[in-house]
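Data block below; observations after.
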Amino acid sequence: MKFWKYQGAGNDFIMVDQREKQGLTRADTETIERLCDRRFGIGADGLILLQNHAEYDFEMVYFNADGRESSMCGNGGRCIAAFAQHLGIISDYGRFMAIDGEHEAKIIRSIAPKGEWVELKMIEVRKVEQDGNTFLLNTGSPHYVRFETRIDDKNMVQEGRAVRYSERFAANGINVNLVSLDDTGLNIRTYERGVEDETLACGTGVTAAAIASSLYRNQNETDVEVPVKAAGGNLSVRFKRQADGTFSDIWLCGPAQQVFEGEIDI
């Protein structure tokens, strides 16, 4: 099987082009888990299938490192847009279908001439649950966001598992984000369900943190842009905050780069 490896701010993915031949299916959990294994496989936070879709440029099917199909992956969405551009499916703009619905992607060459900066339109956020410095919201995947200081001192795996396997979230899991504020924006660390570990970045988590920060800071601006620093790189999120408390026109922006390509027997 031919594959390509991509990364977006250190969030890495195996890409497989399945427009002409279906080599993997949703039932291939063990195979996908093995391919994502960093010792016995290619190694990745997840695997993404690019498939044909009758109404869109392509379809994105995303699997976590545990081999199970999962909810939306924001950095994966940006990486698959870069991959689609590499394959000649799109140029500087594309529309694709994912598990949470339609997405738009823009390749911004004025920032990165080789097409390695991708902006992805995310789904609207209509509900945010707040309890002090803690927020729950779904940005394509469910996220727990907690604002703290000195997040670099935290044991992120321990903190993440305490929430992810708590009575409320154990059945379906949740992604856990610890966030701190500084003069330039946000710093974030994320524990991802399905990976069951800290990842260098999480696109839906960055998006969730940016939206939650506007509530945490009691910002009243309608048009907001938030720089976010993850362990794997810098991203930004821009959105519109509506008077009814919803968030729309949400764009996740950051790097998306091909690392290498190869072939592997499955």
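Give the longest segment of the chain that steers clear of GluC sites (Glu not before Pro) in DSSP loops with at most 13 neighbouring Cβ atoms within 10 Å, not counting the sites themselves.
Values: sites that count: E20, E55, E167, E221.
The answer is 56-166.
Mind checking the dipole of segment 1-82: about its Cα centre, +1 per Lys or Arg Cβ, -1 per Asp or Glu Cβ, Debye to the nearest 20?
Numbers: 10 positive and 13 negative charges, 53 e Å.
That gives a dipole near 260 debye.
Calculate the dipole size of segment 182-241 relative to its Cα centre from +1 charges on Lys and Arg beta carbons and -1 charges on Asp and Glu beta carbons; express the result in debye to the nearest 20. Present the calculation step by step, with values, prior to reporting the outcome.
Values: 7 positive and 9 negative charges, 43 e Å.
Charge dipole of segment 182-241: 200 debye, to the nearest 20.
Over 32 Å between Cα atoms: which of K2/K240; K5/K154; K5/K127; K5/K229; K127/K154 fall into that group? It would help to have the intermediate numbers written out before the result.
On the way: K2/K240 40 Å; K5/K154 30 Å; K5/K127 35 Å; K5/K229 23 Å; K127/K154 28 Å.
Over 32 Å apart, Cα to Cα: K2/K240; K5/K127.
Of the options A105, A162, N52, report the single residue whose Cα projects farthest towards the positive end of the charge dipole of the chain (beta-carbon charges: Lys, Arg +1; Asp, Glu -1).
Result: A162, furthest along the dipole toward the positive end.
Of D223, D45, which has the most accessible area with a 1.4 Å probe, and how do the rest follow in descending order?
Numbers: D223 100, D45 15 Å².
Of D223, D45, the descending order of accessible area is D223, D45.
Cα convex hull of segment 1-62: how many Å³ per residue?
Working: hull volume 5.3 nm³, N = 62.
Looking at segment 1-62, the number lands at 86 Å³ per residue.
How high is the relative contact order of segment 1-94, given as a whole-number percent (alpha carbon pairs under 8 Å, six or more residues apart)? Display every interim value, and only then the final one.
Details: 157 pairs, mean separation 24.9, N = 94.
The normalised contact order for segment 1-94 reaches 27 percent.
Is it possible to state the helix-based mean residue ellipticity at 222 nm for the chain, with each DSSP H run of 4+ residues giving -39500 (n - 2.57), the sum divided by total residues, to the nearest 500 deg cm²/dmol? What is it?
Rounded to the nearest 500, the figure is -5000 deg cm²/dmol.
Could you work out how far apart the two model spin labels at R168 and T134 are, taking each label as a point 7 Å from the Cα in the direction of the beta carbon, and quote it in nm?
0.5
If you bin every alpha carbon distance in segment 1-125 into 10 Å steps from zero, what whole percent lands in each bin?
In whole percents, the pair-distance histogram is 14, 48, 32, 6, 0.
Give the carbon-plus-sulfur fraction of the accessible surface of segment 164-266 in %, rounded to a whole number; probe 1.4 Å, heavy atoms of protein chains only. Let's see the in-between values first.
Values: 1980 of 4620 Å².
Here it works out to 43 percent.
How high is the relative contact order of the chain, given as a whole-number percent (alpha carbon pairs under 8 Å, six or more residues apart)?
On the way: 636 pairs, mean separation 56.6, N = 266.
Averaging sequence separation for qualifying contacts and normalising by length gives 21 percent for the chain.
Counting only protein chains, not ligands or nucleic acids, how are F135, F260 ordered by accessible area (probe 1.4 Å), most first?
Working: F135 0, F260 80 Å².
So the residues, ranked largest to smallest area, are F260, F135.
Which value results when the Cα radius of gyration for the chain is divided by 2.2 N^0.38 Å? All intermediate terms of the calculation are to be shown ahead of the outcome.
On the way: Rg = 17.5 Å, N = 266, 2.2 N^0.38 = 18.4 Å.
Taking the Cα Rg and dividing by 2.2 N^0.38 Å, one obtains 0.96.
Rounded if a/c is under 1.5, else prolate if a/b is larger than b/c, else oblate: which is segment 138-182, with a ≥ b ≥ c the root eigenvalues of its Cα gyration tensor?
Oblate, since a/c reaches 1.5 and b/c is not below a/b.
Please report the relative contact order for segment 196-266, taking Cα pairs under 8 Å with a sequence separation of at least 6, and give it as a percent rounded to a whole number.
Values: 74 pairs, mean separation 16.7, N = 71.
About 24 percent, as a whole number.
Which FRET efficiency value, to the nearest 0.05, is calculated for I99 and D197 with the Förster distance at 25 angstrom and r the Cβ-Cβ distance? Working shown, then result.
Values: r = 22 Å, r/R0 = 0.87.
Approximately 0.70, to the nearest 0.05.
Taking the Cα centre of the chain as origin, sum charge times position over the Cβ atoms of Lys and Arg (+1) and Asp and Glu (-1), and report the length of that vector in debye to the nearest 20. Please list the in-between numbers first.
Values: 30 positive and 41 negative charges, 44 e Å.
Value, rounded to 20: 220 debye.
According to the square roots a ≥ b ≥ c of the eigenvalues of the Cα gyration tensor, what is the shape class of segment 208-266, taking rounded for a/c under 1.5, prolate for a/b larger than b/c otherwise, and oblate for the remainder?
Values: a/c = 3.42, a/b = 2.63, b/c = 1.30.
In terms of gyration-tensor shape, prolate.
Would you mind getting the accessible area per residue of segment 44-151, heavy atoms of the protein chains only, 1.4 Å probe, in Å²? Before the final figure, lay out the partial values.
Values: 4370 Å² over 108 residues.
Solvent-accessible surface per residue comes out at 40 Å².
Ignoring the sites themselves, what is the longest stretch of the chain with no trypsin sites (Lys or Arg not before Pro) in a DSSP loop and at most 16 other beta-carbon atoms within 10 Å? Kindly include the intermediate steps, with their values, before the conclusion.
Details: sites that count: R19, K21, R26, R38, R39, R68, R109, K114, R126, K127, R150, K154, R168, R217.
Result, exposed sites excluded: 218-266.
Given I42, G88, I174, which one lies farthest toward the positive end of the charge dipole of the chain, if we put +1 on the Cβ of every Lys and Arg and -1 on the Cβ of every Asp and Glu?
Going by the charge dipole, the pick is I174.
Residue-wise, which Karplus ³J(HN,Hα) couplings in Hz belong to segment 88-105, taking 6.51 cos²θ - 1.76 cosθ + 1.60, θ = phi - 60°, and x for glycine or proline?
Karplus-based 3J(HN,Hα) across segment 88-105 equals x, 6, 10, 9, 10, 8, x, 10, 9, 9, 10, 5, 9, x, 6, 9, 10, 9 Hz.
The values are calculated or read from the model by the stated rules, or taken from the named source; none is laboratory data. What you are looking at is a predicted structure, and each value in this text was computed from that prediction instead of being measured. No Cβ is skipped: glycine too gets one built from the backbone with ideal geometry, and neighbour counts run over all protein chains shown. Note: accessible area is taken over every heavy atom of the protein model, side chains too, but ligands, DNA and RNA are not part of it. Shrake-Rupley method; radii C 1.70, N 1.55, O 1.52, S 1.80 Å.
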